[in-house]
Amino acid sequence: MPRSSLQSSVHAVAEQERVATSRGELPTEGHTTMDAEAGLTMMDAALLRFGVRNVFDKDYVSHLKAKNPFTALQLLEPGRVVFARVSYAF
């Protein structure tokens, strides 16, 4: 009999004001994102999963990511990402 699962997570990140100005770092605002995923296991071997990362399509910058070398602006993280995954154990 197939088994189903549902999972969600919230990622909250505080603002970052402690920066190395000598390295050109910039302060970053805090942000909160949410992810959701659902799965279906069949015959104890096949797994089908669907999910969404950044459900609300929030624009945000990760403090540890590189800046654009041409504009010196920080790069936005990916927006909403929808995915499907199939795996089979044998």
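The values are calculated or read from the model by the stated rules, or taken from the named source; none is laboratory data. Fair warning: this is a prediction, and the values are worked out from it, not measured in the lab. Every residue, glycine among them, receives a Cβ derived from its backbone with ideal geometry; neighbour counts consider all protein chains shown.
Can you give me the ranges of the strands (runs of 3 or more DSSP E) entirely in the range 11-90 with at least 3 residues that are surrounded by 13 or more Cβ atoms within 10 Å (Cβ to Cβ) and out of contact with any Asp or Glu (no Cβ under 8 Å at 6 or more places or on another chain)?
Details: elements: 31-42, 46-53, 81-88.
Those strands (runs of 3 or more DSSP E) span 31-42, 46-53.
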- Message: Suppose we filter Phe70, Phe90, Phe50 for residues that are among the aromatic types (Phe, Trp, Tyr) and either at pLDDT 95 or above or at positive phi (or both); which single one remains?
- Response: Phe50
